[in-house]
Amino acid sequence: MIDFLTKIMPNVVENWSGDNGILLGIGQTLYMTFWTTLIGGILGLILGIALVVTEKKGILANAVVYSILDKIVNIFRSIPFVILLAVAFPLTQLLVHTTIGPKGALVPLILGSAPFYARQVQNTLVQVDSGVIESAEALGYGPWTIVFSVYLREGLPDLIRTSVLTIISIIGLTAMAGAVGAGGLGYIAISKGYQRYQNDIIWVCTLLILVIVFIVQGLGDLWARKVDHS
Amino acid sequence: MAAEPIIELKNICVTFKEDKRDVHAVDHVDLSVDRGDIYGVVGYSGAGKSTLIRVINLLQRPTNADASVKVNGTDLLGLDASKLRGERRKIGMIFQHFNLMQSLSIADNVDFALKKAHLSKADRKKRVAELLELVGLTDKADDYPAQLSGGQKQRVGIARALANRPDILISDEATSALDPKTTVAILDLLADLNRKLGLTVVLITHEMDAVKRICNRVAVMEAGRLVETGDLLQIFSQPEAPLTKDFIDTTTHLESALAAVNQQAAIKHLQVGSVLVQLGYQGESTDQPLITELYRRFEVSANILYGNLEILQGTPVGNLLVILSGTPKHTEQALVFMKEQRVSVKVLKSGTEEVSVHD
């Protein structure tokens, strides 16, 4: 078996484990994806909810707050991610005391994905039936109950779908961050596969990223279907 | 009948700013609803009905400073946000599009209203079961809204609105999205709840049939103003505003019948001594064998062209379009006689054509 694998993809077998190995790369990609999803997800969710409730017809309509948040989201979404990686250096140094490796990539990853997710959350939650929101107000519920029990509950199936989309885009961003030294499968594919002409490494790294994407997509679809009763 | 007002709206204005012009959705309206009333606000769409009833629970705040909103003796405009929410729980509301949570089962949709009811889990469950029984949906508890018909969804809406035992139920076009048969069933349920629970109901609608079926008081709304208010019987038998007449005609079809009747040759060439009259009567006066009496006393014959009889709150209210024919003198006497019998008589057309051959 090993012989067969060595024969068809010698560089993969050689670089499978150990320092800068593919196994470690998988771990680093998952590490970056997980923490970015968690922290960026929470930030994006808060920002997205804030955008929905402060909108003109929102339950806490506030034109000033909305326009500030809206601009922040737009600015961060406009900066190309590779540039953001560089721009975020000082902040990264300040927050995590390193600018390299998977940990160093977290700050730009979060800065890049949170605004993207915030917009997705906003677009999802504005579609929650305004009549249902009104009926909750008529039942005497305040903004907190309406956000948690109506917006997030009614919007959940679509929220799961957009979250999957965001996670997949985060996986893409981790690969890009890898190209500038963050590690992970993207780094291995570029530094070992592309720059040293080891094509088998490129293919395997691509395949592994696809597997992660499919697992995320599959689990997300299952969950969304389970909570969707419309 | 000195009933106590449970809802008192005074001098309500709601003005929306749209681009450069102001839209006066509600324009200096006073509305007083007594405890136990089923109060109907009727008007065409865009009249401001929805905006007006949203003022009752302040989902819509009046935009003028001197408005007053009193519900159950409490001045709602003087409350802070948290106290206002408490008061809102005492005002149930149902909607045209039901506004149920798609993601929750029927039982959970009703339970949703009990979040702040301070009940134990077991008590909440019991209350939900009671409510579902009240609206006849016990067997649908575990279904989801998407599986229900419109009428069933509205029943869930009603159960949810009643969860906190409100004194008042506001109905925002609650039957407008339903078919006629389901509409009647939902209206009857509201009337039933009004009797059983002493629930005060304020409903808005564009269907006079709905008002006729269950309301005891009516307000007619047009362009942000109430053009006419009164008891159902009074509004039906003596409508004053043109819009009120329009609305009544949508259910009696009297005006449309009149238009058709006017096209008939017999009416176009009405002979001297013949008159086309509209007779209106209500209550006991309908028990008189009036038509027979006209012939016996005055030899005036009556040709009924159109008739409509409504039973409003147990009282028959009738309207007839009739041609009375006799000698001019006798016809005149007949009209006087009918007025004495408390029949409202409106002469629509007197005959002018000479009788060519007469014995």
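The values are calculated or read from the model by the stated rules, or taken from the named source; none is laboratory data. Remember, predicted model here, so these are calculated numbers, not experimental data. Neighbour counts are summed over all protein chains in view; Cβ atoms, including those assigned to glycine, are modelled from backbone coordinates with ideal geometry.
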A:ALA136 meets each of (1) away from chain B (no Cβ under 14 Å); (2) at pLDDT 95 or above with one exception, condition (1)
Residue check, A:GLN127 against (1) within 17 Å of A:GLY183 (Cβ to Cβ); (2) not in a helix (DSSP H, G or I), all met but one. Which one? (1)
Of the residues in region B:78-99, those that are under 17 Å from B:ILE170 (Cβ atoms) and more than 7 Å from chain A (Cβ to nearest Cβ) number 8
Flag for A:ILE188 being away from chain B (no Cβ under 14 Å) and either surrounded by fewer than 23 Cβ atoms within 10 Å (Cβ to Cβ) or within 30 Å of B:LEU169 (Cα to Cα) (or both): no
Of the candidates B:LEU119, B:LEU104, the one satisfying the condition of being away from chain A (no Cβ under 11 Å), assigned to a loop (DSSP other than H, G, I, E, B) and farther than 27 Å from B:TYR39 by Cβ is B:LEU119
Restricted to region B:259-277 and to residues being under 32 Å from the mean Cα position of the chain (by Cα) and farther than 22 Å from B:GLU207 by Cβ, the residue surrounded by the fewest Cβ atoms within 10 Å (Cβ to Cβ) is B:GLN263
Cβ-Cβ below 6 Å, separation at least six or inter-chain, first residue in region A:1-15 and in contact (Cβ under 8 Å) with a residue 60 or more places away in the chain, second part of a loop (DSSP other than H, G, I, E, B): which pairs? A:ASN11/A:GLN198; A:ASN15/A:GLY21
Report, by residue number, each residue of region B:135-170 that is in contact (Cβ under 8 Å) with a residue 40 or more places away in the chain, surrounded by fewer than 19 Cβ atoms within 10 Å (Cβ to Cβ) and assigned to a helix (DSSP H, G or I). B:ALA146, B:GLY150
Screening B:ALA191, B:ALA185, B:ALA174 for residues that are in contact with a strand residue (DSSP E or B) (Cβ under 7 Å, 6 or more places away or on another chain), outside any strand (DSSP E or B) and either within 14 Å of chain A (Cβ to nearest Cβ) or more than 17 Å from B:TYR39 (Cα to Cα) (or both) leaves only B:ALA174
Which one of the conditions (1) part of a helix (DSSP H, G or I); (2) within 14 Å of chain B (Cβ to nearest Cβ) does A:LEU210 fail to meet, given that it meets all the rest? (2)
With criteria (1) at pLDDT 95 or above; (2) part of a helix (DSSP H, G or I); (3) not hydrophobic (A, V, I, L, M, F, W, C), A:LYS192 comes up short on (1)
Where a residue in region B:251-278 is assigned by TED's automatic domain parsing to the domain that holds B:ILE291 and its partner, wherever it lies, is loosely packed, with under 14 Cβ neighbours inside 10 Å and among the basic types (Lys, Arg), with Cβ under 8 Å and at least six apart: B:ASN262/B:LYS268; B:VAL277/B:LYS346; B:GLN278/B:LYS346
Residues of region A:104-133 classified as among the polar types (S, T, N, Q) and within 14 Å of another protein chain (Cβ to nearest Cβ), total: 3
Take residues that are closer than 30 Å to B:GLU228 by Cα and of a type in the set (D, E, K, R) and tell me which of the strands (runs of 3 or more DSSP E) falling wholly in region B:242-359 contain 2 or more. B:344-350
Boolean, B:ILE12 is buried (at least 19 other Cβ atoms within 10 Å of the Cβ), within 18 Å of the chain's Cα centre (by Cα), in the same structural domain as B:VAL218 (by TED's automatic domain parsing) and not polar (S, T, N, Q): no
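Filter region B:122-154 down to the residues that are of a type in the set (Gly, Ala, Ser) and within 8 Å of chain A (Cβ to nearest Cβ) and list them by number.
Once the filter is applied, which keeps residues that are of a type in the set (Gly, Ala, Ser) and within 8 Å of chain A (Cβ to nearest Cβ), region B:122-154 yields only B:ALA146.
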B:PRO166 is checked against (1) of a type outside the set (Asp, Glu); (2) over 20 Å from B:TYR39 (Cα atoms); (3) within 13 Å of another protein chain (Cβ to nearest Cβ) and fails just one. What number does that condition carry? (2)
Residues in region B:78-101 that are more than 23 Å from B:CYS13 (Cβ to Cβ) and not in a loop (DSSP other than H, G, I, E, B): how many? 7
Selected residue (criterion: nearest to B:THR252 (Cα to Cα)) from residues of region B:194-216 that are part of a loop (DSSP other than H, G, I, E, B) and under 15 Å from the mean Cα position of the chain (by Cα): B:GLU207
For region B:26-41, check the following and say yes or no: at least one residue is under 29 Å from the mean Cα position of the chain (by Cα), within 14 Å of chain A (Cβ to nearest Cβ) and of a type in the set (A, V, I, L, M, F, W, C). no
Go through the residues of region A:23-31 one by one and say whether even a single one is in a helix (DSSP H, G or I), within 25 Å of A:ILE167 (Cα to Cα), in contact with a Phe, Trp or Tyr (Cβ under 8 Å, 6 or more places away or on another chain) and aliphatic (A, V, I, L, M). yes
Condition (residue is crowded, with 22+ Cβ neighbours inside 10 Å, facing chain A (nearest Cβ under 9 Å), in a loop (DSSP other than H, G, I, E, B) and in contact (Cβ under 8 Å) with a residue 24 or more places away in the chain) applied to region B:54-77: is it met by at least one residue? yes
Does A:SER169 meet the test of being within 30 Å of A:GLU55 (Cβ to Cβ), polar (S, T, N, Q) and in contact (Cβ under 8 Å) with a residue 12 or more places away in the chain? yes
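Would you be able to say whether some residue in region A:154-164 is part of a loop (DSSP other than H, G, I, E, B), in contact (Cβ under 8 Å) with a residue 24 or more places away in the chain and within 30 Å of B:ARG61 (Cα to Cα)? Please lay out each step first, then the result.
Taking region A:154-164 first, the residues part of a loop (DSSP other than H, G, I, E, B) are A:155.
From what is left, the residues that are in contact (Cβ under 8 Å) with a residue 24 or more places away in the chain are A:155.
Now narrow it down to the ones that are within 30 Å of B:ARG61 (Cα to Cα): A:155.
For region A:154-164, residues part of a loop (DSSP other than H, G, I, E, B), in contact (Cβ under 8 Å) with a residue 24 or more places away in the chain and within 30 Å of B:ARG61 (Cα to Cα): present.
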